[in-house]
């Protein structure tokens with residue numbers, strides 16, 4: 001497990017003991033399983049209230065508890081935002097100031113409604129979250145992998161053709177912290193660059209939902225085309 005002794009005020013350090021989850025659906029619950037298995041405490045939340053998470057928390061055991069979205073944001077040392085994009089305005093702002101925030105979101109117009117800035121590709125999903133959270137360090141990760149694969153595809157470092165996942169963020173220290181967390185969870189990482197480059201593994205791109213090692217992931221990312229070019 002990563003060293004937990006760092007100063008709690010360092011916003012780019014993923015080496016913390018508690019991971020808060022804003023959203024506890026397929027991706028959130030699977031990430032929580034990974035985290036608990038590696039010794040982390042988790043705080044699970046959703047839009048329906050802590051009482052609806054009793055079964056999940058019971059499964060996760062003593063390392064998990066349910067809370068409100070505000071509690072997960074405030075008490076998590078690192079926080080995962082894994083909710084539909086249409087619910088972005090429900091993400092607490094002040095409790096996340098100074099924190100590393102992992103964004104797993106994707107844009108599905110049929111679910112989220114049409115968002116002009118994403119339709120004309122003048123911004124990206126994670127940039128929208130970063131705009132809402134100016135005091136946080138947002139890193140885009142885990143959005144291009146099926147939930148079931150999170151607990152099935154992880155392998156030890158050095159495994160031949162180990163699966164790789166892309167990461168994007170504007171803070172290099174934050175990205176490095178996520179790279180280390182990915183390694184701990186069983187995956188290699190490919191640094192895509194700033195959040196603005198996160199479109200390279202958004203919905204319908206070659207890197208979305210496909211299985212690659214690091215070399216294959218880099219190739220898939222290089223093949224990405226804007227929606228307007230598809």
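In whole percent, what relative contact order does the chain give with Cα contacts below 8 Å and a gap of six or more residues?
18
What's the long-distance tail for segment 121-230, i.e. % of Cα pairs beyond 16 Å?
The answer is 57 percent, as a whole percent.
Between residue 89 and residue 116, what is 0.36 nm times their sequence separation minus the Cα-Cα distance? Round to one decimal in nm.
8.1 nm
Which whole-percent values make up P(r) of segment 63-157 when all C-alpha to C-alpha distances are grouped in 10 Å steps starting at zero?
Per 10 Å bin, starting at zero, the Cα-Cα P(r) for segment 63-157 comes out as 14, 43, 33, 10, 0 percent.
Take the Cα atoms of the chain, find their three principal axes, and give me the spread along each one in whole Å, biggest first.
48, 42, 33
With just the Cα atoms of segment 104-177, tell me how far they stretch along each of the three principal axes, in Å, largest first.
Largest to smallest, the principal-axis extents are 42, 31, 17 Å.
At 0.36 nm per residue, minus the direct Cα-Cα distance, what do residue 153 and residue 180 gain on full extension? Give it in nm, one decimal, please.
8.0 nm
At 222 nm, what helix-only mean residue ellipticity would the chain give, in deg cm²/dmol to the nearest 500, using -39500 (n - 2.57) for each DSSP H run of four or more?
Computed ellipticity for the chain at 222 nm equals -8000 deg cm²/dmol.
Full extension from residue 204 to residue 17: what is 0.36 nm times the residue separation minus their Cα-Cα distance, to one decimal in nm?
Length gained between residue 204 and residue 17: 63.8 nm.
Going out from 0 in 5 Å bins, what whole percent of all Cα-Cα distances in segment 160-203 drops into each bin?
For segment 160-203, the pair-distance distribution reads 6, 25, 29, 23, 14, 3, 0.
Show me 187-196, 110-119 ranked by packing, highest mean number of other Cβ atoms within 10 Å first.
Numbers: 187-196: 19.9, 110-119: 12.0.
Descending packing order for the listed peptides: 187-196, 110-119.
Apply the a/c threshold of 1.5 to the C-alpha gyration tensor of segment 169-230 and tell me whether it is rounded, prolate or oblate.
In terms of gyration-tensor shape, oblate.
Antiparallel DSSP bridges in the chain: what percent, to the nearest 5?
If we restrict to bridges inside the chain, about 5 percent are antiparallel.
For segment 115-159, list residues with backbone N below 16 Å from a point placed 7 Å from the Cα of residue 211 toward its Cβ?
Inside the label zone: 144-156, 159.
Peptides 66-73, 208-215: what's the order by average Cβ count within 10 Å, highest mean first?
Per-residue mean Cβ counts within 10 Å order the peptides as 66-73, 208-215.
No lab work stands behind these numbers, since they all come straight from the coordinates. All figures in this text were calculated on a predicted structure; none of them were measured in a lab. Methodologically, a virtual Cβ is constructed for each residue, glycine included, from the backbone with ideal geometry; neighbour enumeration extends over all protein chains shown.
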